[in-house]
1. Among the residues of the range 87-102, how many are surrounded by fewer than 17 Cβ atoms within 10 Å (Cβ to Cβ) and outside any helix (DSSP H, G or I)?
2. Pick out, from the range 1-86, the helices (runs of 4 or more DSSP H) lying fully within it that include 3 or more residues that are modelled with pLDDT under 90.
3. So which residues in the range 109-127 are in a loop (DSSP other than H, G, I, E, B) and at pLDDT below 95, if there are any at all?
4. So how many residues does the range 115-144 have that are touching a residue at least 40 places away in the same chain (Cβ under 8 Å) and either under 16 Å from residue 210 (Cα atoms) or under 13 Å from the mean Cα position of the chain (by Cα) (or both)?
5. Among the residues of the range 30-49, are any over 28 Å from residue 161 (Cβ atoms) and either in contact with a strand residue (DSSP E or B) (Cβ under 6 Å, 6 or more places away or on another chain) or surrounded by 10 or more Cβ atoms within 10 Å (Cβ to Cβ) (or both)?
6. Identify, by number, the condition in (1) within 30 Å of residue 120 (Cα to Cα); (2) more than 17 Å from the chain's Cα centre (by Cα); (3) touching a residue at least 24 places away in the same chain (Cβ under 8 Å) that residue 83 doesn't meet.
7. Residues 108, 82: which one is touching a strand residue (DSSP E or B) at 6+ places or on another chain (Cβ under 9 Å), farther than 25 Å from residue 168 by Cα and buried (at least 21 other Cβ atoms within 10 Å of the Cβ)?
8. Across the range 16-29, what is the number of residues that are surrounded by 10 or more Cβ atoms within 10 Å (Cβ to Cβ) and over 27 Å from residue 139 (Cβ atoms)?
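The values are calculated or read from the model by the stated rules, or taken from the named source; none is laboratory data. Please read all numbers here as calculations on a predicted model, not as lab measurements. Backbone-built Cβ (ideal geometry, glycine too); neighbour counts: all protein chains shown.
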């Protein structure tokens, strides 16, 4: 019998004859202080994110690829990492081809081992989707998967995130309820409020030490 099995058997034996405590959790304690009228959620999220050096833009659903192209051009960037197998990746690729953009699209379509040097040192920017936002804390919620691995939002100096206005929740609890986290958590959930920053060295705030130096959020208005 493995050590793991021994530990689990001892835990089960210790519960024999025990009576579970009643679940007296009061969800009002984590929701009522952090509820907002729907029309105020975007403004609150934007104010909190901009306070920590995040750039936020509101765009119409059909216009966001053009906004992305403009953001990259103004920064004189050469390439953009994207996930071609996602819905927004397909939309971006179609726009790029139809408008003959000079900025190169780099597809994340291979294992990291196959192009580690390029991924770590030659990518200027990346774009990912989100599963929503949290108004109470000014945060994005990302669920990395095989199409959009965590490295996409971690490595490039500029991270562009797409957020649907209708997917902004009041607080973390309502986000968990909406996506039914109790039935199955994602392997890796990311809560992002701004670009990477640290003040460990000489107590001077520096951006980009442990992740993107810039974070741009495009809040996509619902059609």
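1. Result for the range 87-102: 2.
2. Values: elements: 3-14, 28-31, 38-50, 64-74.
Fully inside the range 1-86 and qualifying: 3-14, 28-31.
3. In the first step, residues of the range 109-127 are kept if they are in a loop (DSSP other than H, G, I, E, B); the result is 109-111, 115, 122-124.
Correct list: 109, 110, 111, 115.
4. In the first step, residues of the range 115-144 are kept if they are touching a residue at least 40 places away in the same chain (Cβ under 8 Å); the result is 122-129, 131-144.
From what's left, either under 16 Å from residue 210 (Cα atoms) or under 13 Å from the mean Cα position of the chain (by Cα) (or both): 123-129, 131-134, 138-144.
Total meeting the criteria: 18.
5. Restricting attention to the range 30-49, the residues satisfying the condition of being over 28 Å from residue 161 (Cβ atoms) are 32.
In the following step, the residues that additionally are either in contact with a strand residue (DSSP E or B) (Cβ under 6 Å, 6 or more places away or on another chain) or surrounded by 10 or more Cβ atoms within 10 Å (Cβ to Cβ) (or both) were identified as 32.
For the range 30-49, residues over 28 Å from residue 161 (Cβ atoms) and either in contact with a strand residue (DSSP E or B) (Cβ under 6 Å, 6 or more places away or on another chain) or surrounded by 10 or more Cβ atoms within 10 Å (Cβ to Cβ) (or both): present.
6. (2)
7. Details: 82 fails: farther than 25 Å from residue 168 by Cα.
Just one listed residue meets the conditions, 108.
8. 0
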